[in-house]
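S.K.: Sharing a structure, written as structure tokens. Questions coming.
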Amino acid sequence: MAVKIGHNHEKVYPAWQDEINEGFLICYDINLLFQGQESYSVKPCEVDIIDRYPGLGLMLEDVDKLESSIPFNITGLPLRVSEIVQSDHLGEDVINQYVFVLENGANLVIRHVFPPMTLGINVELVNVS
């Protein structure tokens, strides 16, 4: 797997800074490229929830043309993905975080972050004891 990102910025406005986006590169779209030439786009979205405000989710779609063009550097790319974990990191009853468990012992985390309608991407090293 290789990763490309679009327009991005490392810091968010101080009013939006919290533990949800701390340490994450903030961007608006991410493309995941796999060895079999499959490409997927991840974008932030709103998900309708009955009788509530929309939740902040993730949209994943198969794409033929890549919108993102900036390589996201992860040591040792391309890497194999051993597991993908979807979760509701924001507690909104929708999927708003993907964790790609990589075979090198790192996790690639993509989540919907604040400010709304932006993504955060981060590589977290996992302590293997």
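S.K.: From 80, 52, which residue is touching an Asp or Glu at 6+ places or on another chain (Cβ under 9 Å), closer than 20 Å to residue 116 by Cβ and either of a type outside the set (S, T, N, Q) or at pLDDT below 90 (or both)? Let's see the steps before the verdict.
M.R.: Values: 80 fails: closer than 20 Å to residue 116 by Cβ.
The conditions single out 52.
S.K.: Also, quick follow-up: Which residue is surrounded by the most Cβ atoms within 10 Å (Cβ to Cβ), if the candidates are limited to the range 10-21 and must be over 18 Å from residue 122 (Cα atoms) and without any contact (Cβ under 8 Å) to a residue 40 or more places away in the chain? Break it down into steps so the answer makes sense when it comes.
M.R.: Applying the first criterion (over 18 Å from residue 122 (Cα atoms)) to the range 10-21 yields 13-15.
Right, trim to without any contact (Cβ under 8 Å) to a residue 40 or more places away in the chain and you get 14-15.
Numbers: 14: 6, 15: 8.
Checked the range 10-21; the qualifying residue surrounded by the most Cβ atoms within 10 Å (Cβ to Cβ) is 15.
S.K.: Let me ask another. Name the strands (runs of 3 or more DSSP E) wholly inside the range 40-122 in which the number of residues that are polar (S, T, N, Q), in contact (Cβ under 8 Å) with a residue 12 or more places away in the chain and out of contact with any Pro (no Cβ under 8 Å at 6 or more places or on another chain) is 3 or more.
M.R.: On the way: elements: 55-62, 81-87, 97-102, 106-113.
So the answer is 81-87.
S.K.: Another question, then. Quick check on residue 95: is it surrounded by 11 or more Cβ atoms within 10 Å (Cβ to Cβ), over 21 Å from residue 9 (Cβ atoms) and at pLDDT 95 or above?
M.R.: On the way: surrounded by 11 or more Cβ atoms within 10 Å (Cβ to Cβ): yes; over 21 Å from residue 9 (Cβ atoms): yes; at pLDDT 95 or above: yes.
Considered against the rule, which asks whether it is surrounded by 11 or more Cβ atoms within 10 Å (Cβ to Cβ), over 21 Å from residue 9 (Cβ atoms) and at pLDDT 95 or above, residue 95 comes out as yes.
S.K.: Looking at (1) surrounded by 15 or more Cβ atoms within 10 Å (Cβ to Cβ); (2) modelled with pLDDT under 90; (3) more than 18 Å from residue 25 (Cβ to Cβ), which one does residue 68 not meet, given that it meets all the others?
M.R.: Just one mismatch for residue 68, condition (3).
S.K.: Would you confirm whether or not the range 22-41 contains a residue that is at pLDDT 90 or above, within 25 Å of residue 84 (Cβ to Cβ) and either exposed (fewer than 13 other Cβ atoms within 10 Å of the Cβ) or small (Gly, Ala, Ser) (or both)?
M.R.: Checked the range 22-41: at least one residue is at pLDDT 90 or above, within 25 Å of residue 84 (Cβ to Cβ) and either exposed (fewer than 13 other Cβ atoms within 10 Å of the Cβ) or small (Gly, Ala, Ser) (or both).
S.K.: Which condition from (1) modelled with pLDDT under 95; (2) within 13 Å of the chain's Cα centre (by Cα) is the one that residue 45 breaks?
M.R.: Among (1) modelled with pLDDT under 95; (2) within 13 Å of the chain's Cα centre (by Cα), residue 45 violates only (1).
S.K.: If a residue must be under 13 Å from the mean Cα position of the chain (by Cα) and of a type in the set (A, V, I, L, M), how many such residues does the range 85-129 contain?
M.R.: The number of residues fulfilling the criteria is 12.
The values are calculated or read from the model by the stated rules, or taken from the named source; none is laboratory data. As the structure is a prediction and not an experimental result, all values here were calculated from the model. Cβ atoms come from the backbone with ideal geometry, glycine included; neighbour counts cover every protein chain shown.
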